[in-house]
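For reference, the structure discussed in these notes is given below.
The values are calculated or read from the model by the stated rules, or taken from the named source; none is laboratory data. What you see is a predicted model, and the numbers here were worked out from it, not measured in a lab. Cβ coordinates were reconstructed from backbone atoms using ideal geometry, including for glycine residues, and neighbour counts include every protein chain displayed. The protein model used for the area step is the full one, side chains on, heavy atoms only, and it has no ligands, DNA or RNA in it. Shrake-Rupley method; radii C 1.70, N 1.55, O 1.52, S 1.80 Å.
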Amino acid sequence: MDKYMQLFQGTAFSSQSPKEIQILKDYLFAINEEGMIAKVISPEDADYQPLLEAYRGKSNFHRLAEGQYLLPGFIDLHVHAPQWAQSGTALDIPLYDWLNTYTFPLESKFADLDFAKKVYDDLVSTLLANGTTTVLYFATVHKEASLLLAEICAEKGQRGLVGKVVMDDPAQNPEYYRDADTNSALVDTEEFILAVRELAKTVKQGVYPVVTPRFIPSCTNEALEGLGKLAAKYDAYVQSHCSESDWAHGYVRDRFDKNDAFALQDFGLLREKSIMAHCNFLDEPDADLFAETGTAIAHCPVSNAYFANSVIPVAHFHAKGIDIGLGTDISGGFSPSLFDNVRQAVISSRMLEDGVNPSLPAHERGVPESRITIDEAFYLATAGGGESLSLPIGRIQQNYAWDVQIIDTKLPSAKLPIFDENEDLHGIFEKIMYLARPENIREVWVQGEKVHSR
Ligand code: GUN
Ligand code: FE
């Protein structure tokens, strides 16, 4: 019989397709040395009982208690790590003012590595405790502090994709917070890429460098072009903000007489490994370009309610075949939880479909066929995030990483309202998605290693 590092027994929820979840009731999950799911075994399989007997009672056998369930770890496609220090504050002013009044002054403080360590340690632990096993991070313009974030992810066991932010345009960025000049922005980015690739050699769960122009308004054409070349040279991930708000979208139209999507494409920044945050104002050709280039969308529903001036037609973009995942957008979004963003993704889509202005007749109020279900929102937080990053994560399935969260629905201090012994499992899944709190997340595993328990 094959030897496994861990064997788990329990009921898991994973995505079968973007619209449907799969319920694996009382399955066995065999984890190999690399932390990958080597085998998923149903109770009807011939090797179920022999495996169970071989592992039962051993320290690497984990039987979930009654009321506990497995979910894939969440994948957060958009976090501004430094902004954790201002989460929940100053959300009632427009994006441009928020950036200049609060965000840039805060981010400039990450030149101080002691301050960076304090915030980044707390953030990575907090995200893990919220069930988030993979994160695509914006750090700051500072190369050293950005590398420190990658090191903290490596050490705490989170799969981190980290970008040193580029903001080089002296006309658009304050003197106290920008790259010294275009050349140093590009040199620092290349050195950062090489340093993270070196770090990655010893990190089981993976850390990855990300080419990160903050958004077009922050960057000169020369920087954008240089970053596109670096992305191609190192086959690196790329992230930025794209068509987020009326102001940001309008700025790019004024500068290039085209939308963000085509401007980013001109600079070589739309690639299979590109993930663009928000994308609320993509038009049809923009969306087609995303689908053709394999560029993914990081949908940030909580943040969008504050800064995006609109609800993104996420169902429409999904139907076009664009990869979409979810992002908290800390701190444009106040919450570190993708559970909160799953909920908001459903709520916002329903408000888009029905419309929100009660003085209009019902048939004029909304945009038909905009709603997504909780199953689809769960897909975005898990499998959709994995597809966006082209990594084998986000599903509880053979040959995927063992990145999971164990949810306890019977915790005395945070019991979910399950009163019927025979409640159907899809109903339990829905209750978990809508009602689970961080206390319910008892264990979090990344790449076969336990990285959080409470
Ligand atoms: N656009 C450019 N920078 C930012 C940022 O930090 N947050 C959000 N939401 N949008 C941005
Ligand atoms: Fe953002």
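Here are the numbers:
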quantity	calculated
Some residue of segment 66-73 being more than 15 Å from ligand 2 (Cβ to nearest atom) and surrounded by fewer than 17 Cβ atoms within 10 Å (Cβ to Cβ)	yes
Selection count, segment 161-175, where residues are open to solvent by less than 10 Å² (accessible area, probe 1.4 Å) and either touching a Phe, Trp or Tyr at 6+ places or on another chain (Cβ under 6 Å) or at positive phi (or both)	5
Elements of type strands (runs of 3 or more DSSP E) in segment 359-454, at least 1 residues being within 17 Å of the chain's Cα centre (by Cα)	404-408, 441-446
Residue that is most open to solvent (accessible area, probe 1.4 Å), among those in segment 190-225 that are of a type in the set (Ser, Thr, Tyr) and touching a strand residue (DSSP E or B) at 6+ places or on another chain (Cβ under 6 Å)	208
Segment 22-46: number of residues that are over 15 Å from residue 447 (Cα atoms) and in contact (Cβ under 8 Å) with a residue 40 or more places away in the chain	4
Unique residue being within 16 Å of ligand 1 (Cβ to nearest atom), within 23 Å of the chain's Cα centre (by Cα) and among the small types (Gly, Ala, Ser) when the list is 261, 231	261
Candidates 107, 155 - the one that is within 15 Å of ligand 1 (Cβ to nearest atom) and out of contact with any strand residue (DSSP E or B) (no Cβ under 6 Å at 6 or more places or on another chain)	107
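Residue-by-condition table, conditions (1) open to solvent by 10 Å² or more (accessible area, probe 1.4 Å); (2) free of Cβ contacts under 8 Å to residues at least 40 places away in the same chain; (3) more than 16 Å from the chain's Cα centre (by Cα); (4) under 20 Å from residue 98 (Cβ atoms):
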| site | (1), (2), (3), (4) |
| --- | --- |
| 300 | no, no, no, yes |
| 307 | no, no, yes, yes |
| 318 | yes, no, yes, no |
| 344 | yes, no, no, yes |
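Listed here are the residues, each with its yes/no results for (1) open to solvent by less than 40 Å² (accessible area, probe 1.4 Å); (2) closer than 30 Å to residue 427 by Cβ; (3) among the basic types (Lys, Arg).
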{"site": "64", "(1), (2), (3)": "yes, yes, no"}
{"site": "81", "(1), (2), (3)": "yes, no, no"}
{"site": "87", "(1), (2), (3)": "yes, no, no"}
{"site": "100", "(1), (2), (3)": "no, no, no"}
{"site": "106", "(1), (2), (3)": "yes, no, no"}
{"site": "115", "(1), (2), (3)": "no, no, no"}
